[in-house]
Amino acid sequence: MELSDAIRARRSVRKFKKDIPVPQEHVQKMLEAAMMAPSALNTRPWQFYVVTDERTKQALLRVHPYCRLETAPLAIVVCGRPDKQPGHGYWPQDCGAAIENILLQALDLGYGSCWCGCYPTQPRADGVQKVLGTSAVPVAIVAIGVPDETPAAKGFFDPSAVTYL
């Protein structure tokens with residue numbers, strides 16, 4: 001898939017075919033894509049949690065009721081590591097770049113995905129942090145699987161949001 005096509009075809013998928021797992025080699029490819037994202041001073045301030053266990057997904061749903069894990073066979077939780085950027089605060093943007101790479105790689109592999117934000121909503125981030133047993137800051141839960149819906153495009157070009165100088 002051409003990059004331009006992938007950017008325009010990406011959708012937030014909230015319903016997945018439940019019994020179709022994501023093979024480990026595809027998970028690896030998504031994680032490799034995530035880690036190719038740029039980061040301030042190349043500090044790579046991220047930590048990834050791959051969740052396929054039903055009990056853990058249910059625990060994540062309890063602390064983040066808006067994430068779409070009911071039918072998703074896979075979740076990748078992207079967490080920030082502020083400790084890797086002392087004196088700088090770009091880890092949320094760096095994690096966002098990694099998340100976008102996961103979304104685009106998932107699409108290229110034939111999967112749907114949904115970016116479910118955690119940080120900066122502190123109660124949500126704290127709850128996810130507790131479920132994972134980590135001190136890293138949960139930025140987002142990315143639900144991934146074979147889509148069981150075809151959402152319409154919501155993104156569009158808005159020339160009024162552009163100023164040329």
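Scanning the stretch 87-129 for residues being farther than 18 Å from VAL50 by Cα and of a type in the set (Val, Ile, Thr) gives a total of 1.
Selection over the stretch 33-56 of residues that are in contact with a helix residue (DSSP H, G or I) (Cβ under 8 Å, 6 or more places away or on another chain) and either more than 19 Å from CYS67 (Cα to Cα) or aromatic (Phe, Trp, Tyr) (or both) gives a count of 14. Can you find a residue that is under 26 Å from SER39 (Cα atoms), assigned to a strand (DSSP E or B) and at pLDDT 95 or above anywhere in the stretch 79-100? Yes, that holds for at least one residue.
If you go through the stretch 1-13 and keep only what is closer than 12 Å to ALA152 by Cα and surrounded by 14 or more Cβ atoms within 10 Å (Cβ to Cβ), you end up with ARG10, ARG11, SER12, VAL13.
Among the conditions (1) loosely packed, with under 13 Cβ neighbours inside 10 Å; (2) more than 15 Å from LEU60 (Cα to Cα); (3) not polar (S, T, N, Q), the only one that PRO123 does not satisfy is (2).
Taken over the stretch 32-78, the criterion of being out of contact with any strand residue (DSSP E or B) (no Cβ under 9 Å at 6 or more places or on another chain) and under 11 Å from ILE141 (Cα atoms) is satisfied by LEU61 alone. Of the residues in the stretch 15-27, how many are modelled with pLDDT of 95 or more and in a loop (DSSP other than H, G, I, E, B)? Final tally of qualifying residues: 6. For the stretch 54-70, filtering for residues that are within 17 Å of the chain's Cα centre (by Cα) and surrounded by fewer than 15 Cβ atoms within 10 Å (Cβ to Cβ) leaves 3.
When the test is whether a residue is within 20 Å of ALA33 (Cβ to Cβ), touching a His at 6+ places or on another chain (Cβ under 6 Å) and modelled with pLDDT of 95 or more, LEU103 does not pass it. Say we look at the stretch 14-42 and pick out the residues that are within 30 Å of PRO86 (Cα to Cα) and among the charged types (D, E, K, R); which of these is surrounded by the fewest Cβ atoms within 10 Å (Cβ to Cβ)? Across the stretch 14-42, the extreme among qualifying residues is GLU32.
Residue count for the stretch 44-99, restricted to those that are touching a Leu at 6+ places or on another chain (Cβ under 9 Å), among the hydroxyl-bearing types (Ser, Thr, Tyr) and over 18 Å from PRO120 (Cβ atoms): 3.
The residue of the stretch 43-53 that is farthest from the chain's Cα centre (by Cα), among those that are outside any strand (DSSP E or B) and touching a residue at least 24 places away in the same chain (Cβ under 8 Å), is THR43. Being hydrophobic (A, V, I, L, M, F, W, C), modelled with pLDDT of 95 or more and not in a strand (DSSP E or B) is the filter here, so list the residues in the stretch 112-156 that pass it. Listed by number, the residues that qualify are CYS118, ALA125, VAL128, VAL131, LEU132, ALA136, VAL146. Tell me, which residue of the stretch 107-138 that is within 18 Å of THR71 (Cβ to Cβ) and small (Gly, Ala, Ser) is nearest to the chain's Cα centre (by Cα)? Among those residues, the one meeting the criterion is SER113.
The values are calculated or read from the model by the stated rules, or taken from the named source; none is laboratory data. Note that the structure is predicted; figures quoted are calculated from it, not measured. As a convention, Cβ positions derive from the backbone with ideal geometry for all residues, glycine included, and neighbour counts pool all protein chains shown.
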